[in-house]
Amino acid sequence: MKAVIPVAGIGSRLRPHTHTQPKSLVPVAGNTILGHIIDRLVGAGIEDFVFVIGYLGEKIESYVRRQYPNLRSEFVVQEPREGIGHALWVAREYFRHETDGMLILLGDTIVDVDLSQLLDTPGTVLAVKEVKTPSMFGLVETDATGQVTKVVEKPRIPKSNHALVGLYKIANPERLAVALERIIADEQRTHNEYQLTDALMLLINEGEEMTTTPVDNWFDCGRKESLLEANARLLNRPEFLVTREYPEFPDTIIIPPVSIGRDCQIRHSIIGPNVAIGDRTIVRNTIISDSIIGSYSELRSAVMQDCIVGSDASFSGLNHSLNIGDNTEINYS
């Protein structure tokens, strides 16, 4: 089965980190967002990939070819970028003739789901999760038998709280390609973009049977808060905690779970919990928790919590020499 991964977006909600690199290559839990996605798919036996690239797409292509040289990878440029439906339409000739179905997984989405079970489920399957604010998501409505009756993109008045998480198994790629061609030809836009949900709705109206499968965890890594949450959840996986070993750093306390890259220099610091640090980063006299720190960065005399620091960045806090008497309060906030 072939996997199609749209990764053309500019990642405006993750700026300034996405000024210099695509959103899918932002680091999280000792890997990149895209690296976590590919590793899961490869673990399920998928080796054929189509990446729909756009903004800084050459960096994505270089990353995939360097880190995953054994994959059969194809790259399609989406320009202009007019929604997920448009991204898949651009790539349609790369998947429409697949006879074993196809998988679509958005390039800023990390999901916990049994992919092998999903791939073995007959027919078209949409991965979903219950959400508290359904009007912000694409939603799925089902009947009493579990068949999908409607998919709709960010409705004003939601009739379901089952959100599409960006993972789709398509049983008949040719029919999807034709549906995508129809919405493009008819200029059928929702929220000013061509949506995959509109193409899926065409298939449902033509009698295509679809079911849903729930996911355990879903991280839309397009925002700082969800990226830090994903970092913490991934670092706290049992397999990560069991296999992780930390180097000895002078006068430093490590509070697991922590991911520390190669050749880092750390002294007189407290690291953790839920911290991921990239390669060759220098940390001195610093306390870090619940944060992501890029490679080749330098942090000195700082207290950092819920922070994202890019690569090649430098931050130095304040050093104080204090003589504080009784009944004194000092607040630097």
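The values are calculated or read from the model by the stated rules, or taken from the named source; none is laboratory data. Predicted model, so just to flag it, every value in this text is computed and none were measured. In this analysis, Cβ positions are derived from the backbone assuming ideal geometry, glycine residues included, and neighbour counts consider all displayed protein chains. SASA here: full protein model, heavy atoms, side chains in, ligands and nucleic acids out. Shrake-Rupley method; radii C 1.70, N 1.55, O 1.52, S 1.80 Å.
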Practice item. Quote to one decimal, in nm, the extra length available between Ile157 and Asp216 on full extension: 0.36 nm per residue of separation minus the C-alpha distance between them. Key: 18.7 nm
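In the range 243-308, what trypsin sites (Lys or Arg not before Pro) fall in a loop by DSSP, with at most 13 other Cβ atoms inside 10 Å?
Arg262
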Review point. Using the Karplus equation 6.51 cos²θ - 1.76 cosθ + 1.60 (θ = phi - 60°), what ³J(HN,Hα) coupling, rounded to whole Hz, does each residue of the range 98-107 give in order, writing x for Gly and Pro?
Key: 5, 8, 9, x, 8, 10, 10, 9, 5, x
Point to revise | HN-Hα J in Hz across the range 141-146 - Karplus 6.51, -1.76, 1.60, θ = phi - 60°, x for Gly and Pro | key: 10, 10, 9, 5, 8, x
Point to revise | Added length on full extension, which subtracts the Cα-Cα distance from 0.36 nm per residue, Val77 to Ile10 | key: 22.8 nm
Review point. Using alpha carbon centroids, what distance separates the range 71-106 and the range 37-63, in Å?
Key: 11 Å
Review point. What is the chain's relative contact order, in percent, from Cα pairs under 8 angstrom and six or more apart in sequence?
Key: 15 percent
**Study point:** Set of the range 271-298 residues, backbone N closer than 20 Å to the point 7 Å along the Cα-Cβ line of Asn236
**Key:** 271-277, 288-293
**Study point:** Kirkwood hydrodynamic radius of the range 212-315, Cα pairs, Å
**Key:** 14.0 Å
Practice item. Would you compute, from DSSP H runs of 4+ residues alone, the mean residue ellipticity of the chain at 222 nm, taking -39500 (n - 2.57) per run and dividing by the full residue count, rounded to the nearest 500? Key: -6500 deg cm²/dmol
Practice item. Specify the inter-centroid distance of the range 289-315 and the range 149-208, based on alpha-carbon positions, in whole Å. Key: 41 Å
Revision key, fill the gap. Once amide hydrogens are built 1.01 Å from N within the peptide plane, the residues lying 5 or more places from Asn217 or on another chain with amide H under 5 Å from its amide H are Asp112
Check your understanding: Do any GluC sites (Glu not before Pro) in the range 173-205 lie in a DSSP loop with no more than 14 other beta carbon atoms within 10 Å, and if so, which?
Key -> Glu187
Check your understanding: Relative to the Cα centre, what is the charge dipole magnitude of the range 156-217, using +1 at the beta carbon of each Lys and Arg, -1 at the beta carbon of each Asp and Glu, and rounding to the nearest 20 debye?
Key -> 240 debye
Exercise for review: Pull up all non-local amide H partners of Thr124: gap of 5 or more, or a different chain, and H-to-H distance under 5 Å with H placed in the peptide plane.
Suggested key: Ala171, Thr211
Review point. If you build the Cα gyration tensor of the range 1-43 and take the root of 5 times each eigenvalue, what three semi-axes come out, in whole angstrom, biggest first?
Key: 21, 13, 6
Exercise for review: Could you tell me which of the pairs Lys154/Lys224; Lys159/Lys224; Lys129/Lys154 are separated by over 24 angstrom between their Cα atoms in the structure shown?
Suggested key: Lys159/Lys224
Point to revise | Per-residue ³J(HN,Hα) for the range 250-263, Karplus 6.51 cos²θ - 1.76 cosθ + 1.60, θ = phi - 60°, Hz, x for Gly and Pro | key: x, 6, 10, 10, 9, 10, x, x, 9, 10, 10, x, 6, 6
Practice item. Whole number in Å², please: accessible area per residue of the chain, 1.4 Å probe, ligands, DNA and RNA not counted. Key: 50 Å²
Point to revise | Under-5 Å amide H pairs with Arg300, H placed in peptide plane, nonlocal only | key: Arg284, Phe315, Ser316, Gly317
Check your understanding: Which percent of the accessible heavy-atom area of the chain goes to carbon and sulfur, probe 1.4 angstrom?
Key -> 47 percent
